[in-house]
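The values are calculated or read from the model by the stated rules, or taken from the named source; none is laboratory data. Predicted, not measured: the structure shown is a model, and the values here were computed from it. Don't worry about glycine lacking a Cβ; one is built from the backbone with ideal geometry, like all the others, and counts go over all protein chains shown.
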Amino acid sequence: MKVAIPQDSLARALGIVSRAVPSRSPLPVVSNVLLTTDDHRLKLVATNLEIALTVWIGAQVSEEGTITVPARLFSEFVSQLKGDQPVQITLPPRSRQLNVHCGRDEANIGGMPADDFPVVPEVTDGQRLVLPARGLRRAIEEVVFAAARDDSRPVLTGVHVQVADGVAELAGADGFRLAVHRLRLPAPSAEGSPEPFSVNIPWSTLDHLGRLLSESGDVQMAVNGERTRALFRLDDIELVTQLIPGTFPNYQQLIPTTYATRARVSVEEFLHETKIAAIFARDGSGIVRLHVTPGEGGGPGSLQVSARADEVGDNRGEIDAAVDGEPSKIAFNSRYLIDVLSVLEPGELALETSGPSNPGVLRPLGHDDYVHVVMPMFVQW
Amino acid sequence: MPIQRLPPEVSRQIAAGEVVERPASVAKELVENSLDAGARRVTVEMQRGGAERLRVVDDGCGIPEGELELAFARHATSKLSTIEDLARVATLGFRGEALAAIAAAAEVRCSSRPAEQLAAAWIRIAGGELLGRGREGKPHGTDIGMTRLFHAQPARRKFLRSAGAEAAAVAGVVTRLALSRPDVRFTLTSDGRLLLRTDGSGELRDVCRALYGSAADHLLPVEFEAPGVRVTGLVSPPGTWRGSRGAMTVFVNGRWVSSRAPLFAIERAYQDGLPTGQHPLAVLDVRLAPEEVDVNVHPAKTDVRFRDERVVLSALTAAAHSAISRSAPVPAAGALLSGGAQTFEGDDAAPLRLVSPPWAPRLPLEEPAVPQLPADARSPGEAAAPPASAGPPPARSANGAGDAPVAGPALPPLRIVGQVGATYIVAEGPEGMFLIDQHAAHERVLYERFCARPEGEDLQPLLVPQVCQLSPGASAALVADRRVLETVGVQADPLDGGAWLVRAVPAPLVKRDLSQLLSELGALAAEEPDLPRRRDRSLMTAACHASVRAGMSLSLDEMREIVLALESCRQPRTCPHGRPTVVHVPATALEREFRRR
Ligand SMILES: Nc1ncnc2c1ncn2[C@@H]1O[C@H](COP(=O)(O)OP(=O)(O)O)[C@@H](O)[C@H]1O
Ligand SMILES: [Mg+2]
Ligand SMILES: [Zn+2]
C-alpha cells in the first residue's frame, strides 16, 4: 500500500472514526482502525461491535493495500504532524509495519492483518429515507436524554423512530418521562415517499450521530429487511448500527390532551430558577416544588419554584407566567426538569398540568413539533 | 410393576423418617409421583400456602382401581421389590411411604384413571381411615387433593409458618421439579393466581425464561464430560448476576441437591469476575452412574450423598468454566454488531481518578486490560488496620437509625481528593487521610433517609408501569404479605406468572434494578418471621439497591455529596450491616511509613 493524504483530512477522519473505538475490548483488533485503499480514496473503519463508523477521504493512491493499526496511537501521531505536507503511508508487501512519513517526521507502526477485522455488514433490501441534517440534530438533542440508560427494559434504551406520512417521529422514554419530536421530512423525491416503518435505535448511536451532523445538508438512512441494522450516510461518513429488537410502548396514550392549568414562561428563566432550587434539593430525591398562580386584575401570574431539604435549608424563586386556568401545584425531580429545559431552544414554553399527581407536559411555544411528558413526584405539601 | 407391599427385609434397608413436614414436602411427594407415572402435564394448586388445600393433577399412567387402597398403605410401592433394585433406583420415589404419611396427616381424596380403565375410581382417606370410595368420569391420570394438613395434630400445625412462607416453599419445590423436567408442562397456582407455567417444550432455556425472564436468553449452554461424569445445563455469562443464590440449581441424576458446596463450585468458575454479594444463574444436571450416588439417606431425599464428592465438585467448576470461556471473546468476523455493548472512550475522562476503574470485568478469565489495585492492597503496617483514633466501630444494631444518639465520633469535615479503584473515595481531614467505601457510605446515608422517610413522601410514580419477573416463590411470598413493599414505599401489583407491575418507587430507587429488588424483598417476606427485623432488613435492602455500587466511577460532585451526607448521619462510621464506611490513615502513620519521623 502506498498512499499520500493531506494531513488535516486524515486527522479529521481519524478523529471521527476513533469515537467508535471502545476503550477496552475483548477483541484486540477492535481497538485498531482499518485502512483500505478504495479507488482514489482511503477508507477508514472503526467499530465497537455495536456501531461501525466508516470515513472516506480523497487520497493519492499509488499502490493498493489494507491493514489495521492501533487507532489511538495512529490518531495521536497524525494529529501532531504539521499540516503543510501530505502524509505518506506505505505498507511494504507482506509487511505488517506501516510506515508513516510527513515532512521530517517518520514513524513505523505495528499493525494486524485486515482479515482479522470484523466485517461491517451491508444494510440493503430494506427501507430508505432522507432526513434533514439540521432538523435531525435538534430532534436527537431533544429526545436522546430521555431514553433509559439502564437496561432493565432494553427496548427503552433505544429511541423509537417511526416514519409515516412525511414525518419521522422520534420518541425516547425511561419510564418516568417521555420526549417526542416530530421531524418533517423533505418533500418526497421521484421514488415516492418511503413506506411507513419503525425501529428502535440505541440512544448511544444517535448521540454519536448527532455529533457528526452539520447545520445543513441531508442524511440518508437505510434499514435492512429484518430490521436488525440501520445505516446513516452523511457525505463521506457511514455509520452502521445494531437496532434494538422489541416493541416500544405505545406512548401516544401517555400524552395528556387536556389540562387544568397552563402556564407560559420563559425557558431560560425557568431553567435558571430550577437550577437554583436544585442546590437545595440535593438530598437524593431532588424534589422541586412548583406553584402556579394566575394573575389578578389583568396583571401577570407567576410560577414559583422552591425546594427544601432537612438540615440544609430552603429557597424560593419566582418568575412571570401567563396563566390560563386554576392555581396549581406540582413537584418534580429537579434532574428531569433541568434535562428538558437545557435542550429546549431559547424562547417560551407552556407547562400544562392537571393536578399534583398527573403527568406534567412541557411544550415549546412557536413550534408544535415537540412535547415532553414527565411524571410528578408525590410529596407532602 | 403392580403396587405391592415391600418385603420386611427390603423396607428395613430403607432409611426411615418423616416425609410430611409441611405443604412443600407434600407437594414434592405428589409431583414426584406424577413424574414417576410418566406425566407430561402436572398442575399444582394451593390455597393459603398449601396448608389449607393442595392439589396435584397429572395425566400419567394412573392407579388401577384394584390397587388404589393399597397405594395408601405403608411400604407399598410399584417401584421396587428387591434389595438389588434399591441400588439402582431410577424413579424419584421408591419407599412406598409418602401417600400413607400424607393420608395420616390430612384428609386426602384421590381420583385416578389408567387409560385403559373406563371410569376413574376415587377414595377418601383421613387420619389413615377410609372414608368413602366411588367412581366418576375423568380424563386419564391422577388427581390427588389434600385438605387441612395437620388439622388433627395441632402440635405439628404450630410449626407451619406464614402462608407466604409456605407458599414460597411449595413454589420452590415445583420450580426445581420444573427445571429438572423441561419436557413436562407445569402449572402452579396459589389462591387462584398463576405463579408458574412452563411449556413442556423440552428446552431448559424455555423453563428458565418462565422463571427468570429475558435473562434466560443470555444463558450459556453447558456440555461437559469427564470420565464417569457428565454435566449439562445453562449458566449465566459474567455480568448477569443475581443478589442471591436463589437462581442456582444443581441436580444429580435429575434429583435436586440442597447442599451449598456445588453452588460454590460453580461460582469458582467465575473467579475474580464475580462481584461480592453477586451470584450467577445456573441450572446444571450432573449425571453419574447410579452406583456412585446414594439417594437413600433421608426420606426428604434432597441430601444426596456421593461416593466421591470431589469428582462432582470439580466437574461442576470445569463445566461452568468451559462454558464461560468458550463464550468469552472473539466473535466470528461475520457476527459483527451482535456482540455485547462496549463502553465508549469517555470524552472527558475524570482527571481526578487515581486508578482506572475495574469495570465489572466482562472477561474474568483474562488479564484485565488496565492494572488495578489488588483488592487487598493496603499500606503496610499499622496503617492497614483502622487505627485506634478512628474509634471502635459502633456495635451492630438491628435498627440502626432508630437508635438513640450517634455511636462513635462524628466525622470531621473532609476534602475530597479522588477515587481509588472506582470503589473508595479518598479524602483529606484535619488528621490525615480518610478512605471511604462509596457503597457502604451511601448505603448508610440512604438507610437513614429511608428510615426517616414520611409515609408517601418523595414517591416517584412511573409514566409507564414496569413489569418485573420474579421467581414463583418470591412472588407468592409477596402476594401473601405486601408489608415489605409498603415499608420500602414501592407500589406494585401482582400479575400472572410471577410477574409484578411496579407503579411507583421512592425517589432513590428510580432507575435501579427493580426486578432484583422485588425478588430480594420477596425472599425477605418468606424468610424473616420477626416483623420489626423484617422491616429493618427491607429498608437495608432498599438502601443497598439505591446506593452507588463499587466499581462505579463518580464525579467529584457526586463524591462530595455522599461524604457531606455521611457527615450528617447519626451513625456515619458503619453501613447498616455493620461494616465500616471509613478507614482513617492518620498523618502520623503516613509520616512513619515515609520515614519522615
Ligand atoms: N400420580 C400417580 N400416578 C400413578 N401412580 C401413582 C401416583 N401416585 C402414586 N402412585 C402409585 O402409588 C404408589 C405409592 O406411592 P408413594 O406412597 O408415593 O410411594 P413411592 O412413590 O415411593 O412408590 C406408587 O408406587 C405408585 O404406584
Ligand atoms: Mg412417591
Ligand atoms: Zn450493599
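Tell me, which residue of segment B:27-52 that is more than 16 Å from ligand 1 (Cβ to nearest atom) and part of a strand (DSSP E or B) is surrounded by the fewest Cβ atoms within 10 Å (Cβ to Cβ)?
Taking the candidates together, the pick is B:Gln47.
Go through the residues of segment A:58-75 one by one and say whether even a single one is within 14 Å of chain B (Cβ to nearest Cβ) and either in contact with a Phe, Trp or Tyr (Cβ under 7 Å, 6 or more places away or on another chain) or among the charged types (D, E, K, R) (or both).
Scanning segment A:58-75, I find at least one residue that is within 14 Å of chain B (Cβ to nearest Cβ) and either in contact with a Phe, Trp or Tyr (Cβ under 7 Å, 6 or more places away or on another chain) or among the charged types (D, E, K, R) (or both), so the answer is yes.
Among the numbered criteria (1) of a type outside the set (A, V, I, L, M, F, W, C); (2) in the same structural domain as A:Ser302 (by TED's automatic domain parsing); (3) under 21 Å from A:Val55 (Cα atoms), which single criterion is violated by A:Ser216?
It fails just one condition, (2).
To keep it simple, each residue is scored yes or no on (1) more than 15 Å from ligand 3 (Cβ to nearest atom); (2) under 23 Å from the mean Cα position of the chain (by Cα); (3) touching a residue at least 12 places away in the same chain (Cβ under 8 Å).
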site: B:Leu518; (1), (2), (3): yes, yes, yes
site: B:Pro529; (1), (2), (3): yes, yes, yes
site: B:Asp536; (1), (2), (3): no, yes, yes
site: B:Met540; (1), (2), (3): no, yes, yes
site: B:Ala546; (1), (2), (3): no, yes, yes
site: B:Leu556; (1), (2), (3): yes, no, yes
site: B:Val563; (1), (2), (3): yes, no, yes
site: B:Ser568; (1), (2), (3): yes, no, no
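Just name the residue that is nearest to the chain's Cα centre (by Cα) out of those in segment B:146-174 that are basic (Lys, Arg) and farther than 16 Å from B:Val19 by Cα.
The residue in question is B:Arg161.
Answer yes or no as to whether A:Val343 is among the β-branched types (Val, Ile, Thr), in contact with a helix residue (DSSP H, G or I) (Cβ under 6 Å, 6 or more places away or on another chain) and either closer than 15 Å to B:Pro461 by Cα or surrounded by fewer than 23 Cβ atoms within 10 Å (Cβ to Cβ) (or both).
When the stated conditions are applied, A:Val343 passes them.
Please go through segment A:114-133 and give me each residue that is over 18 Å from A:Leu231 (Cα atoms), outside any loop (DSSP other than H, G, I, E, B) and touching a residue at least 60 places away in the same chain (Cβ under 8 Å), ordered by number.
Within segment A:114-133, A:Ala114, A:Asp116 meet the criteria.
How many residues are part of a strand (DSSP E or B), in contact with a Ser or Thr (Cβ under 7 Å, 6 or more places away or on another chain) and hydrophobic (A, V, I, L, M, F, W, C) when one looks only at segment B:178-193?
Selection size over segment B:178-193: 1.
Anything in segment A:96-137 that is within 14 Å of another protein chain (Cβ to nearest Cβ) and more than 30 Å from the chain's Cα centre (by Cα)? List them, or say none.
Correct list: A:Met112, A:Pro113, A:Ala114, A:Asp115, A:Asp116.
Would you say A:Asp150 is among the charged types (D, E, K, R), over 15 Å from A:Arg227 (Cβ atoms) and outside any helix (DSSP H, G or I)?
So A:Asp150 passes the test.
From the list A:Ser306, A:Ser214, pick out the single residue that is more than 11 Å from chain B (Cβ to nearest Cβ), of a type in the set (S, T, N, Q), in contact with a helix residue (DSSP H, G or I) (Cβ under 8 Å, 6 or more places away or on another chain) and without any contact (Cβ under 8 Å) to a residue 40 or more places away in the chain.
A:Ser306
Would you please name the residue that is nearest to A:Gln127 (Cα to Cα), looking only at residues in segment A:150-174 that are at the interface with another protein chain (Cβ under 10 Å from one of its Cβ atoms) and touching a helix residue (DSSP H, G or I) at 6+ places or on another chain (Cβ under 7 Å)?
Filtering segment A:150-174 for residues that are at the interface with another protein chain (Cβ under 10 Å from one of its Cβ atoms) and touching a helix residue (DSSP H, G or I) at 6+ places or on another chain (Cβ under 7 Å), the one nearest to A:Gln127 (Cα to Cα) comes out as A:Thr157.
Quickly run through segment A:28-49 and pick out the residues that are surrounded by fewer than 21 Cβ atoms within 10 Å (Cβ to Cβ) and either within 8 Å of another protein chain (Cβ to nearest Cβ) or not in a strand (DSSP E or B) (or both).
Hits for segment A:28-49 are A:Pro28, A:Val29, A:Asp39, A:His40.
Which residues, taken from segment A:357-381, are in contact with a helix residue (DSSP H, G or I) (Cβ under 9 Å, 6 or more places away or on another chain), in a loop (DSSP other than H, G, I, E, B) and within 14 Å of chain B (Cβ to nearest Cβ)?
Passing the criteria: A:Pro359, A:Met375, A:Met377.
Is there a residue being touching a Cys at 6+ places or on another chain (Cβ under 8 Å) and more than 16 Å from ligand 1 (Cβ to nearest atom) anywhere in segment B:134-155?
no
B:Pro114 passes all but one of (1) surrounded by fewer than 21 Cβ atoms within 10 Å (Cβ to Cβ); (2) touching an Asp or Glu at 6+ places or on another chain (Cβ under 6 Å); which number fails?
It fails just one condition, (2).
From the list B:Arg209, B:Arg230, B:Arg176, which one is without any contact (Cβ under 8 Å) to a residue 40 or more places away in the chain and either on the phi > 0 side of the Ramachandran plot or away from chain A (no Cβ under 14 Å) (or both)?
Residue meeting the stated conditions: B:Arg209.
The rows are residues; the columns are (1) free of Cβ contacts under 8 Å to residues at least 24 places away in the same chain; (2) farther than 18 Å from B:His545 by Cα; (3) within 16 Å of ligand 1 (Cβ to nearest atom); (4) not assigned by TED's automatic domain parsing to the domain that holds B:Gly498.
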position: B:Gly418; (1), (2), (3), (4): no, yes, no, yes
position: B:Ile425; (1), (2), (3), (4): no, yes, no, yes
position: B:Gly432; (1), (2), (3), (4): no, yes, no, yes
position: B:Leu435; (1), (2), (3), (4): no, yes, no, yes
position: B:Tyr447; (1), (2), (3), (4): no, no, no, yes
position: B:Ser475; (1), (2), (3), (4): no, yes, no, no
position: B:Glu486; (1), (2), (3), (4): yes, no, no, no
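What number goes with the only condition from (1) surrounded by fewer than 21 Cβ atoms within 10 Å (Cβ to Cβ); (2) more than 13 Å from chain B (Cβ to nearest Cβ); (3) among the charged types (D, E, K, R) that A:Glu142 does not pass?
Among (1) surrounded by fewer than 21 Cβ atoms within 10 Å (Cβ to Cβ); (2) more than 13 Å from chain B (Cβ to nearest Cβ); (3) among the charged types (D, E, K, R), A:Glu142 violates only (1).
Mind checking which residues of segment A:258-291 are among the hydrophobic types (A, V, I, L, M, F, W, C) and away from chain B (no Cβ under 14 Å)?
Within segment A:258-291, A:Ala260, A:Ala263, A:Val265, A:Val267, A:Phe270, A:Leu271, A:Ile276, A:Ala277, A:Leu290 meet the criteria.
How do the strands (runs of 3 or more DSSP E) wholly within segment A:252-356 filter down when requiring 2 or more residues that are closer than 24 Å to B:Ala504 by Cα: which remain?
A:287-293, A:301-309, A:328-333, A:348-353
Based on what the data block shows, is B:Leu564 within 14 Å of chain A (Cβ to nearest Cβ) and either aliphatic (A, V, I, L, M) or within 16 Å of ligand 2 (Cβ to nearest atom) (or both)?
Answer is yes for this residue.
Out of everything in segment A:303-316 that is over 15 Å from A:Met377 (Cα atoms) and at pLDDT 95 or above, what residue ends up being surrounded by the fewest Cβ atoms within 10 Å (Cβ to Cβ)?
A:Gln304
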